[in-house]
Structures are given as C-alpha cells and as structure tokens.
Amino acid sequence: MLRFTSGVIAAVCAVFVATTASVAEPAIVYSVGGKFDGSFNESAFAGVKRFRDQGGAVREFELDRDSQSLQALRNFASRGASPVIAIGFNQANALGQVAPKFPETDFAIVDMVVDQPNVRSYVFKEQEGAYIGGLLAGMASKSGTIGFVGGMDIPIIHRFLCGYKQGAQAARADIRVLSNMTGDTPAAFADPVRGGELAIGQINQGADVIIQAAGGTGIGVLQAAADKGVLGMGTDSNQNGLHPGKVLTSIRKRVDNAVYDSLQAAKDGTFEPGIKVLGVADGGMDWVLDENNKDLITPEMKAAANAAVAAISDGSVKVHDVVTDGACPF
Amino acid sequence: MFEIVILTLDSTVRLSTPLLLACLAGLYSERSGVVDIGLEGKMLGAAFGAGAVAYLTGNAWIGLLAGMAVSIGLALIHGFASITNRGNQIVSGVAINFLAAGLTALLGQTWFRQGGRTPSLPEGGRFRDIILPYAEELRDVPVIGGIYSELLSGHNILVYAAFVAVPLTWWVLFRTRFGLRLRAVGENPAAVDTAGISVTWLRYRAVIACGALCGVAGAYLSIAQSSGFIKDMTAGKGFIALAALIFAKWKPANAMFACLLFGFLDAVAIRMQGQKIPGIGEIPVQFFQALPYILTVILLAGFIGKAIPPKAAGIPYLKERS
C-alpha cells in the first residue's frame, strides 16, 4: 500500500512538474492567515490584483504554518518563477536558505531584511504611520485619554506604540496613553476575546479612542470600542468599513505597493536587489479617509494629519524608532 | 478605589464564564468516568459552529443551538471511541482537539474566505448585554449602585446561564437518581452494572451533557463576547477549565470559585499590566499569566489537600463475560 501510494504521488508530481516546468511568471507566498485575512496579507493580495488587472499573471501559495515556507519558496524557484515574493517576517529564515541556491532567481521579502545579492527587502517605518494615528487620536479624544492594544510583545509593536505616543503628545501635551500587549506568543495575534477585554479595561479607565496593532486580536478591540460607543482605529488594511462611523481611521501599511512595485519592476526588467525602506514620505504608510469615517475627521484634523505627513516627509519631524534609537522617551 | 475593584470584578465575571461552562462540562464527563481533555476542541468547534450559523441566519439562538450541536457531535465521537470501543480517553481527547483546530480553520477558509474567520455578525446575531431593571436609576447609589449596576447588570444571558448552571449541576448530581448513578458509574461501574443499569448509556448521557455545556461555552466566545469566530479563539481556555476542575476536586460549587479565581487573576493581569505598584515596582505580566498554573500546583500541593479523581476515571469499562 505504501509503495503504491508513493508511486502515485511520484507520478502525480512528475506530471505536475512536466506541465509547469516552463513557467516563468512571478510567484508570491502569503504568510499564515491567508490572503483574505482582512489585514496584512490582504494588502499584499491587493498588489497582486492590481498587477493582474493589467494583464500580468502571478502564481500564489498561502502558508498554513511557518514550516511550509521553505518548501513553497523552493518549489516556485525551481520551477523558474521570478521574482518570488515572500510576505511576512516569519519567512525570512526560509528565504535566507533558498535564495543562495537559486542565484539566477529574483526574490523579494516584505517586513524583514534578508541580506543576499538576489533579494530585495521591503521594510516599513511603522512608527511614522503610528505617529499620524496618535495625532488624530489625540485630536479626536474628548477625555484626554487614549488607548493602544498591541498583539505579541515584540519590538515591531513597541515601535508602533512609541510613534503613536509621540503623535498623541504632538496633538496635546497632557494626553494620557494607556497601552496593553495581549501576550508574548504568536497566539496574541489571534485572541479577540482578550483584545476586547483589554479594550474594555482601557475604556473603563477613560480612553475614548483606541488603536489596535494586534492582527486578529484587533477585531475584538474594534468590536469592543464600537459596542461601548468609543472610537477604534484600524491598522495594516483599511478597516474603516468594519464598523462604519465607529472607526476613526485606519493606518495602512502599503504592502500592496511593495508587491506591485516588485512585480512591475521585474516585468520591466528593472528589478534590483537591496533594502527598500518605506515610510509616509513615499506612501509606504498612510491614513485612510473614506465615506465610512468622513464625519469623524474634522477639517482641522485632516489639515493637521496632512501637515504631519509633509513634516515627516521633509524631515522637520523625526519620529522615534525604538528598534534603532533605543527606549521610547514618551 | 472601590470603582476599580468593581470594574475588575465585572471583568472577572465576563472572563470566568467560558471557564465555568467548560469546567462544569468536564465535571459531568469525568464524574461518569470519562476523562475529557477535549474540552478545548469542543469549545472551538462550538465557537465556529455558532459563529458561522449566527452569521448566516442572523439569529443568536439558532447560532447557540448550532454550536451545541457541533460540540455534542464531537462529544459523541469521543464517547464512541472511549466508551463503545474502549479506546484510550487521553488519545481520543487529543484527537478531538486537533480535529477541531484543523477543521474550523479549513472550513472557515473554504466557506468565508477570510483567513479562517467568520464575517462580523449582523445585528441580532449576537447575545447583547441585558440591563437589569432599575440598573440605571440605582447607578448613583453608593456601594449598592456600583455592585448592582456594574457587577450584576449588563451581562449577556449566557453569563447568567453559566452561574445558574452551578446550583443546577449540584442538584442534578447530588439530588437526583440520575446523578447518583452518574457518580456511581465513575467510582465503580461494575456495581452499577450489577444493579442492572447500563454503564454505556449512562456514560453516553454524561458526555452529551458535557458536549452541550461546552457548546454554550464556545458560543459565548464567538457570538456573545465577541462578534464572530476567529481561528484558535479558545486560546487554551479548555485547559484552564480542566485545571480548575482538578482544583475544585470535581465539585460544582468549588468549580465556580476556582473559575472565578482564574478569571480574577486574568482580569487583574489585564489591569496590572504596565502599572507600578508602590514599593514593588512594575510586575511583569508573564507573572500573572503563569499564576493560574502556579496556583494550581501550590494550592493542590499544600492547601486544599489531595484532589482525588473519580475512581474509575480514565478506565474503559469492560463487562466481564464468563
């Protein structure tokens, strides 16, 4: 039976390889959560969609768990796909192993730096987007207290928190920022019940605007905020539509731009390896104003946010980065 | 200060409810001699069933029934493996946990295409908070107002159901014929069998009761406390409930206090995070997260005495044939 099964598998693989060996179209490997996660991966998928709408073809793979990453990347590379785009910091290790074995293939990774001659790494200045979020939260708050619910207790989330605090203080100096991390395992990104409870705790302490930087946990944060009649704030994708009129804005991370950018560059033959750092200046981070939150954003808030974007872009406002600049001073 | 205490206790009640329901579920099963470490999986399956059906029908009650049905289905699988086929109950329980974790994510992704989530529930698809009569009027009365309006009022119906289930479980187990037999079958199934009562049928009824309560616990997570199912949303609550069950020495009232204690620790952990305590400084949040487990060990080792499980727990019953 075992021999029969492995024979069948081998045959299927052979057929599969034979039919796909000549493909040279680009490929993308989404992180755990899948391309419809309403957040990070979906943003990457938006980039793929934009590329497809212009006639491009992209192969896709959705990771079920981190350990599949190595195999997925290697499969795409060995079938001649180029560039192969890895989404998420958790794929960095796998890409670091695969990239040297396929020196002719172009690779890209989002949210992490992989130092190889054929890899383009995209990283985002989350703190700059968070600054805008903090600024708007500080202006929208009537109580003078705002909240932050983070996911897993990792530097990237602290970077976001610090930017948020800095922005809030820029809006009003006496602002009080309550902050909670959900946990210290990856499960902290998928615990909406605890997220909601943390948000309710902050609301009871007076917070009237709460930002989530917690992936799936954040769904619970936004829900609790909407239930209790205070404002939530989304991240990564546009989450304004989750609770129209109850989400102040969403701080977007333009993974879609990074993905589209590398697909288009490869198509034009201008793909270059190296590190790309995206912030508000180049549209890598932005905030969303649409029909769901247009009544929440006053003209003054809009002006202040746009002024902050301009100030960060030209360098007159420097947002603290806890990863490179040390502990958060706010 | 008083307000902080009330708000923490309020949070305790919300956080204890799923633990309490799951703990009582485990109580029925283990009292009948079927060890159940599949509480987590059953809760997760129920949370998914409830979330999916409540989204599709827009009716929280139908969602609750669906959640219970899923959970009872999983409980029957456990029963079939461990009662009818006399398999290892631990292995079967672990299998249920894996099955639920995998299936909910897979089905959720296939049906709703949102990364294993169910979409946000429509109005009416959730159990909303119930404001008890006169809660608003009494809010400003000192002490009583805080206790009545904040602590007792403003929970959803499943919270009240969970706390009503405690005396009910006590009554069923210790004041009815069914309860007597259920306890007997967990201690000495041979004696029950000799008296002409079916061990198999009794144990099946126990796991069905377990499934039903786990179903309510799961539904509470997805359609009462939050709005929709999210992958792995039980986050280990089934295992905490199991610890609470041991802690409570398999008694309903103790179970309630154990779950309230664990809920309280969780609530305190949320409040204390990042706060400085005079004289001590900031306490790492990991300390509070580990506390339920540490407390179980310490209290079991020294304070509450030996927790003796039902004698026949974990042992499949094999009728001797001549």
inquiry  = Given the criteria assigned to a strand (DSSP E or B) and more than 29 Å from A:Val84 (Cβ to Cβ), does A:Val149 qualify?
reply    = yes
query = Which of (1) assigned by TED's automatic domain parsing to the domain that holds A:Asp53; (2) touching a strand residue (DSSP E or B) at 6+ places or on another chain (Cβ under 9 Å) is the odd one out, the single condition A:Lys246 does not satisfy?
reply = (1)
query = Looking at (1) assigned to a helix (DSSP H, G or I); (2) over 14 Å from the mean Cα position of the chain (by Cα); (3) within 15 Å of B:Glu40 (Cβ to Cβ), which is the only condition B:Ala243 fails?
reply = (2)
message = Can you confirm whether B:Gln114 is in a loop (DSSP other than H, G, I, E, B), out of contact with any helix residue (DSSP H, G or I) (no Cβ under 7 Å at 6 or more places or on another chain), within 14 Å of chain A (Cβ to nearest Cβ) and not acidic (Asp, Glu)?
response = yes
ask   = Where residues in the stretch A:204-227 are within 10 Å of another protein chain (Cβ to nearest Cβ) and surrounded by fewer than 24 Cβ atoms within 10 Å (Cβ to Cβ), which of them is farthest from A:Ser141 (Cα to Cα)?
value = A:Asp227
Test set (1) surrounded by 23 or more Cβ atoms within 10 Å (Cβ to Cβ); (2) touching a Gly at 6+ places or on another chain (Cβ under 8 Å); (3) farther than 30 Å from B:Leu106 by Cα - B:Ala255 fails condition number = (2)
ask   = How many residues does the stretch B:208-230 hold that are surrounded by fewer than 24 Cβ atoms within 10 Å (Cβ to Cβ) and either farther than 24 Å from A:Asp191 by Cα or over 14 Å from the mean Cα position of the chain (by Cα) (or both)?
value = 2
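Here's the yes/no breakdown for (1) modelled with pLDDT of 90 or more; (2) crowded, with 17+ Cβ neighbours inside 10 Å; (3) over 16 Å from B:Asp36 (Cβ atoms):
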{"site": "B:Ser71", "(1), (2), (3)": "yes, yes, no"}
{"site": "B:Ile83", "(1), (2), (3)": "yes, yes, no"}
{"site": "B:Asn88", "(1), (2), (3)": "yes, no, no"}
{"site": "B:Val94", "(1), (2), (3)": "yes, no, no"}
{"site": "B:Gly102", "(1), (2), (3)": "yes, no, yes"}
{"site": "B:Leu107", "(1), (2), (3)": "yes, no, yes"}
{"site": "B:Arg113", "(1), (2), (3)": "no, no, yes"}
{"site": "B:Gly116", "(1), (2), (3)": "no, yes, yes"}
{"site": "B:Glu123", "(1), (2), (3)": "no, no, yes"}
query = With respect to the numbered conditions (1) in a helix (DSSP H, G or I); (2) more than 14 Å from chain A (Cβ to nearest Cβ), which one is the sole condition not fulfilled by B:Ile197?
reply = (1)
task = Select from the stretch B:131-145 the residues that are of a type outside the set (D, E, K, R) and without any contact (Cβ under 8 Å) to a residue 60 or more places away in the chain and list them in ascending order.
result = B:Ile131, B:Leu132, B:Pro133, B:Tyr134, B:Ala135, B:Leu138, B:Val141, B:Pro142, B:Ile144, B:Gly145
ask   = Looking at (1) over 15 Å from A:Ala130 (Cβ atoms); (2) assigned to a helix (DSSP H, G or I); (3) at pLDDT 90 or above, which is the only condition A:Ile219 fails?
value = (3)
request  = Determine which single condition A:Asp321 fails, assuming it passes every other condition in (1) surrounded by 16 or more Cβ atoms within 10 Å (Cβ to Cβ); (2) charged (D, E, K, R); (3) without any contact (Cβ under 8 Å) to a residue 40 or more places away in the chain.
outcome  = (3)
Evaluation of B:Ala101 against (1) aliphatic (A, V, I, L, M); (2) closer than 23 Å to B:Ala161 by Cα; (3) in contact with an Asp or Glu (Cβ under 8 Å, 6 or more places away or on another chain) (one fails), failing number = (2)
message = Being among the basic types (Lys, Arg) and away from chain B (no Cβ under 11 Å) is the requirement here; does A:Arg194 meet it?
response = no
request  = Go through (1) touching a helix residue (DSSP H, G or I) at 6+ places or on another chain (Cβ under 6 Å); (2) of a type in the set (D, E, K, R); (3) part of a helix (DSSP H, G or I) one by one and return the number of the condition B:Arg126 breaks.
outcome  = (3)
key: One residue from A:Gly163, A:Gly129, A:Gly138 being part of a helix (DSSP H, G or I), at pLDDT 90 or above, surrounded by 24 or more Cβ atoms within 10 Å (Cβ to Cβ) and in contact with a His (Cβ under 8 Å, 6 or more places away or on another chain)   = A:Gly163
message = Among the residues in the stretch B:195-207, are any over 17 Å from B:Gly38 (Cβ atoms) and surrounded by 20 or more Cβ atoms within 10 Å (Cβ to Cβ)?
response = yes
Leading residue by the ranking (modelled with the highest pLDDT) among those in the stretch A:174-185 that are outside any strand (DSSP E or B) and at the interface with chain B (Cβ under 10 Å from one of its Cβ atoms) = A:Asp184
remark   = Counted residues in the stretch B:246-273 being closer than 24 Å to B:Ile96 by Cβ and in a loop (DSSP other than H, G, I, E, B) come to 2
key: Enumeration of residues in the stretch A:186-216 that are in contact (Cβ under 8 Å) with a residue 40 or more places away in the chain, assigned to a helix (DSSP H, G or I) and closer than 20 Å to B:Pro18 by Cβ   = A:Gly195, A:Leu198, A:Ala199
request  = Taking A:Ser237 as the residue in question, decide whether it is touching a strand residue (DSSP E or B) at 6+ places or on another chain (Cβ under 7 Å), within 12 Å of another protein chain (Cβ to nearest Cβ) and crowded, with 21+ Cβ neighbours inside 10 Å.
outcome  = yes
ask   = Out of all the residues in the stretch A:188-197, is one or more within 23 Å of the chain's Cα centre (by Cα), within 19 Å of A:Lys142 (Cβ to Cβ) and buried (at least 24 other Cβ atoms within 10 Å of the Cβ)?
value = no
inquiry  = Can you list the strands (runs of 3 or more DSSP E) lying wholly within the stretch A:1-96 that have 3 or more residues being under 16 Å from A:Tyr122 (Cα atoms) and at pLDDT 90 or above?
reply    = A:27-30, A:84-87
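Residues checked against (1) at pLDDT 90 or above; (2) assigned by TED's automatic domain parsing to the domain that holds A:Ser82; (3) within 19 Å of A:Gly129 (Cα to Cα); (4) under 20 Å from the mean Cα position of the chain (by Cα):
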position: A:Gly269; (1), (2), (3), (4): no, yes, no, no
position: A:Glu272; (1), (2), (3), (4): no, yes, no, no
position: A:Leu289; (1), (2), (3), (4): yes, no, yes, yes
position: A:Asn293; (1), (2), (3), (4): yes, no, yes, no
inquiry  = With assigned to a helix (DSSP H, G or I), farther than 17 Å from B:Pro316 by Cα and under 14 Å from the mean Cα position of the chain (by Cα) as the only criterion, which of B:Leu151, B:Leu158, B:Leu173 stands out?
reply    = B:Leu158
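The values are calculated or read from the model by the stated rules, or taken from the named source; none is laboratory data. Fair warning: this is a prediction, and the values are worked out from it, not measured in the lab. We place every Cβ from the backbone using ideal geometry, glycine too, and count neighbours over all the protein chains shown.
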